[in-house]
């Protein structure tokens with residue numbers, strides 16, 4: 001598929017940007033091929049060039065509505081392309097079983113490209129700094145203007161970031177009829193949410209990722225409880241990227257022992273991906289069918 005380029009922009013050189021969307025059909029046909037645990041994606045030079053080409057890329061898995069999945073949008077920093085077939089990529093882009101659960105037999109990858117025509121190497125900023133900087137901002141609390149009281153703990157954050165990332169927070173924090181912020185600092189009491197879970201929600205809002213302690217929980221029961229609680233909070237506060245991420249994690253735990261419980265969670269919080277995974281379990285598929293007929 002050809003790349004569609006946008007307009008060029010210049011600071012001390014020229015950066016031409018564009019994107020391509022690649023559709024992979026009949027993914028199941030690869031079942032018989034040798035495979036590892038992860039799907040790998042690489043960008044390579046496809047034709048001869050008179051001089052080396054320098055480019056940066058962002059690879060994004062698209063959901064069924066065509067929007068990038070935040071948890072699976074990853075960057076390839078500045079790479080020099082000069083030899084046909086040479087390139088760079090991401091070896092561990094997404095786990096194979098998770099991709100199959102989320103997308104099915106057809107999926108799409110969007111590749112955003114920035115081609116640099118200047119010979120000045122240091123003009124190219126890394127593509128992934130924003131998440132790190134915002135994470136540092138959350139930790140430092142510099143300029144924070146909103147306080148959340150969760151149980152016995154207090155969390156401070158920035159209304160502008162919260163409002164940009166969540167329609168719920170935007171409605172909650174924009175209080176004037178003209179859409180501007182109120183002058184006074186907001187203090188909001190959060191009920192029925194554990195402090196650890198709310199902290200993880202804020203971390204995702206700022207960084208599109210979860211804290212290491214959530215991701216590396218070794219006990220299966222505790223890890224599953226974390227993701228169930230986070231999925232519920234993500235739905236309640238309308239943080240759709242986190243909701244999808246948690247659904248992908250919980251899909252791996254769907255079996256005959258957990259399907260009924262996870263199905264109830266999926267229905268309660270309108271999580272179609274998790275619901276579909278649960279209904280594929282034979283022991284409850286008939287009950288779901290009966291429920292549809294009774295409605």
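Using a simple spin-label model with points 7 Å from Cα along the Cα→Cβ vector, what separation in nm is obtained for residue 96 and residue 40?
In this crude label model, residue 96 to residue 40 measures out at 1.2 nm.
To the nearest 0.05, how large is the calculated FRET efficiency for residue 49 and residue 25 if R₀ is 25 Å and r is the Cβ-Cβ distance?
Once rounded, the FRET efficiency stands at 0.25.
Just the number, please: percent antiparallel of the DSSP beta bridges in region 129-253, rounded to the nearest 5. Display every interim value, and only then the final one.
Numbers: 6 of 11 bridges.
Restricted to region 129-253, the bridges split so that about 55 percent are antiparallel.
Evaluate the relative contact order of region 129-253 (contact order divided by residue number), counting alpha-carbon pairs under 8 angstrom at least 6 apart; express in whole percent.
23
Roughly speaking, what is the stretch gain from residue 84 to residue 238, that is 0.36 nm per residue apart minus the C-alpha to C-alpha distance, in nm to one decimal?
This chain segment gains 50.9 nm when fully extended.
FYI, it's all coordinate maths here, none of it is from the lab. On a predicted model such as this, the values are computed, not experimentally measured, just so you know. FYI the Cβ positions are ideal-geometry reconstructions off the backbone, even for glycines, and counts take in every protein chain you see.
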